[in-house]
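The values are calculated or read from the model by the stated rules, or taken from the named source; none is laboratory data. A quick note: this is a predicted structure, and the numbers were derived from the prediction, not measured. Backbone-built Cβ (ideal geometry, glycine too); neighbour counts: all protein chains shown.
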Amino acid sequence: MTVHAGIEARRASGRPYIYHVHSLEFDRSGENINRQVYDVERYGLENADHIISVSHYTKDTIVNRYGINPDKVTVVHNAVSRSEGRIRCRIEKRPGEKIVLFLGRITFQKGPDYFIEAAARVLEKIPNVTFVMAGAGDMMPRMIERVAQLRMGRYFHFAGFLKGDEVERIYAMSDLYVMPSVSEPFGISPLEAMLYDVPVIISKQSGVSEILHHALKVNFWDVNELADKMIGALRHPALVMEMTARSREELKNIHWNAAAEKILSVYRRVCG
Amino acid sequence: MPSVCCYFQVHQPLRHRHFTVFDIKQGLSYEDEEKNRQILNKVAEKCYLPTNLIMLDLIRKYGGNFRISFSITGVMLEQLERFNPEVLDSFKRLADTGCVEFLSETYYHSLAFLYSMREFREQVELHRKKIKALFGQTPQTFRNTELIYNNDLARVIEKMHYTAILAEGADHILGWRSPNRVYQPAGCAKLKLLLRNYRLSDDIAFRFSNRQWPEYPLTADKFAHWIHQTDAAGQTINLFMDYETFGEHQWADTGILEFLRAFPGEVLKHPEFRFQTPMEIARDHNPAAPLDVPNPVSWADVERDLTAWIGNPLQNDAIHALYGMERKVRKTKNAGILDIWRRLQTSDHFYYMCTKWFADGDVHKYFNPYESPYHAYINYMNILADFSDAI
């Protein structure tokens, strides 16, 4: 929505205008896009001197859905911040209890419905699992209804919107983090979960899956597959051990400084 | 008289079907029959059939002077019997020339030596019988899965009356010594040890089509020249590689098959040089020195150790769970169940779980039908859960 301001600023200042894309209408709405929003985005993309996208996944959308020349788009993956004062919370859980976390807006884009359907399948096989859905959004009432309908309310917590140390606490408590997004330009939250040595399952329809090798990746719509991988991670300590150890290594190479360097080089190039 | 010894490994694993936790107790088979058939037939077209034909031509052309050896796994032979008897017939024709030695190995291409001596011996015996039945030879030379080798193995193999054993000529076991000598395994009196010359072998197997390689393109006369340079008497140059190198790992359009056609003639241009099979080398050469290899060595990756199969918690968990079932499996006294358990031992299943991505990732990815080692592990553990339930 700031597209017009950007283009106007270029006109007034005579300086180049760079469009840094973090999300597009197709991510938020699937195929049922709002035409007006799309037109604004397209206008902005077409008129940009250069475009930065947070993933190849998003770049592909920019090229294929908006008809933009791929040479005009540079991919700069996001990273994750390590908060200085992060405490490694030691949380008491019931013995043997496992917690599976969904954290994000409860909207179409984030795929909360797939999380719930997969949870039901997990409970067929493992009884002692608690599913936490943290966040708020327009799909929340429907999700609560669906959980009730599946009669798994006692295994399910809707934690609402969490802030600051509450987020840290819930990451630290979790045994598994799941991001079943339908369309995720990047998706920083799996990186945050990995900071707490939590193994992650992410959808292939995400930008972050391009940079993670030690996450389990599934198609968001494949509920059986998602449930299978969730059970795998909950049942096999060896799997968790290897995934988290390797992820710790991988995280060392994912930091904002590298992203900033790359963005800076785009700015320099565009400003000539 | 220096010798050139060519041994080719012939193996295709029985790849598993996609098996989720929801498939447990549904009475499903574990292997992806269709996929295995497709891959086998594809590799047969690209490699086994054309290359066997070339080998046959070469053997006929040079009389008894071009000699080669194969190690064909039991699971491979079974697949050939089921999916592609034409390939099997072409191997039999090669056997009939009398210029081809067939080696012994574990029937199921397994790591049994490391986990169960009884199982290891039984699998070697099964394979021996299979080779005898198909090719009319009783193997004299042993090679363990993935060229895994140490002193203990050599001692066991000597007691099983083999005359030769093969291993990787890894730098860390040889030190300053040459791979082009016959050695005596530490603790053995008769058995001869032949070591792979990995530089020359990998010039063909890995580097042949690499345009960044300074020696590209590799021609048969250039390669023969390198071999001729090591012309001291009593030397043996051991070229050990996957048979699929010809036409599959290196596609036909790289010129690999033309290279093969020209190779024996170029080597034999030098009157001192001849081709011999491993058992002939063991017969004709005295060991230059004893060689002590206490820790297992293999031909895989840069490490030449076991970490491609049992180097991480996933692999260790899976393989211990598998071999932990041995007693229960045997107690059933059910040949079908024993066979299924043995098929689960094929080393490839553990190779797919390898997480050593960064240094050796390319080769691992090429051979891995799974999206990631984690998927491979979960799939395998689901199958193991189903199998455990069945026994």
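Descriptive notes on the structure:
- Of the criteria (1) in contact with a helix residue (DSSP H, G or I) (Cβ under 7 Å, 6 or more places away or on another chain); (2) within 14 Å of chain A (Cβ to nearest Cβ); (3) of a type outside the set (Phe, Trp, Tyr), which one residue B:26 fails: (1)
- Residues in the stretch A:237-252 that are of a type in the set (A, V, I, L, M) and within 7 Å of chain B (Cβ to nearest Cβ): 4 in all.
- Residue that is surrounded by the most Cβ atoms within 10 Å (Cβ to Cβ) [pool: residues in the stretch B:154-193 that are within 21 Å of the chain's Cα centre (by Cα) and aromatic (Phe, Trp, Tyr)]: B:183
- Condition met for residue B:387 (crowded, with 16+ Cβ neighbours inside 10 Å, at pLDDT 90 or above and within 13 Å of another protein chain (Cβ to nearest Cβ)): no
- Close pairs from the stretch A:9-29: first of a type in the set (Gly, Ala, Ser), partner modelled with pLDDT under 95 and surrounded by fewer than 15 Cβ atoms within 10 Å (Cβ to Cβ), Cβ under 8 Å, at least 6 apart: A:9/A:15
- Subset tally (residues that are hydrophobic (A, V, I, L, M, F, W, C), at pLDDT 95 or above and out of contact with any strand residue (DSSP E or B) (no Cβ under 7 Å at 6 or more places or on another chain)) for the stretch B:155-183: 2
- Residues in the stretch A:256-272 include at least one that is loosely packed, with under 15 Cβ neighbours inside 10 Å, hydroxyl-bearing (Ser, Thr, Tyr) and more than 14 Å from every other protein chain (Cβ to nearest Cβ).
- Counting only helices (runs of 4 or more DSSP H) that sit wholly inside the stretch A:1-78, not one has at least 1 residues that are touching a Leu at 6+ places or on another chain (Cβ under 8 Å) and assigned by TED's automatic domain parsing to the domain that holds residue A:109.
- From the list A:116, A:144, A:106, A:99, the lone residue that is surrounded by fewer than 18 Cβ atoms within 10 Å (Cβ to Cβ) and assigned by TED's automatic domain parsing to the domain that holds residue A:208 is A:144.
- Residue match in the stretch B:297-318 (condition: within 14 Å of chain A (Cβ to nearest Cβ), more than 27 Å from residue B:172 (Cβ to Cβ) and not hydrophobic (A, V, I, L, M, F, W, C)): yes
- Residues in the stretch A:215-236 that are among the hydrophobic types (A, V, I, L, M, F, W, C), closer than 14 Å to residue A:120 by Cα and within 7 Å of chain B (Cβ to nearest Cβ): A:231 alone.
- Residue B:146 vs. criteria of a type in the set (Asp, Glu), farther than 20 Å from residue B:321 by Cβ and out of contact with any Phe, Trp or Tyr (no Cβ under 9 Å at 6 or more places or on another chain): no
- The condition of being away from every other protein chain (no Cβ under 14 Å), closer than 27 Å to residue B:379 by Cα, among the hydrophobic types (A, V, I, L, M, F, W, C) and touching a helix residue (DSSP H, G or I) at 6+ places or on another chain (Cβ under 6 Å) holds for only one of A:200, A:208, that being A:208.
- Within the stretch B:1-36, the set of residues being closer than 30 Å to residue B:65 by Cβ and either among the aliphatic types (A, V, I, L, M) or over 26 Å from the mean Cα position of the chain (by Cα) (or both) comprises B:1, B:4, B:10.
- Taking the stretch A:249-264 as the range and being part of a helix (DSSP H, G or I) and in contact with a Leu (Cβ under 9 Å, 6 or more places away or on another chain) as the test, the residues that pass are A:250, A:251.
A quick yes/no check of all residues on (1) surrounded by fewer than 20 Cβ atoms within 10 Å (Cβ to Cβ); (2) within 20 Å of the chain's Cα centre (by Cα); (3) in a helix (DSSP H, G or I):
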{"residue": "B:58", "(1), (2), (3)": "no, no, yes"}
{"residue": "B:70", "(1), (2), (3)": "no, yes, no"}
{"residue": "B:82", "(1), (2), (3)": "yes, no, yes"}
{"residue": "B:92", "(1), (2), (3)": "yes, yes, yes"}
{"residue": "B:95", "(1), (2), (3)": "yes, yes, yes"}
{"residue": "B:106", "(1), (2), (3)": "no, yes, no"}
{"residue": "B:130", "(1), (2), (3)": "yes, yes, yes"}
{"residue": "B:137", "(1), (2), (3)": "yes, yes, no"}
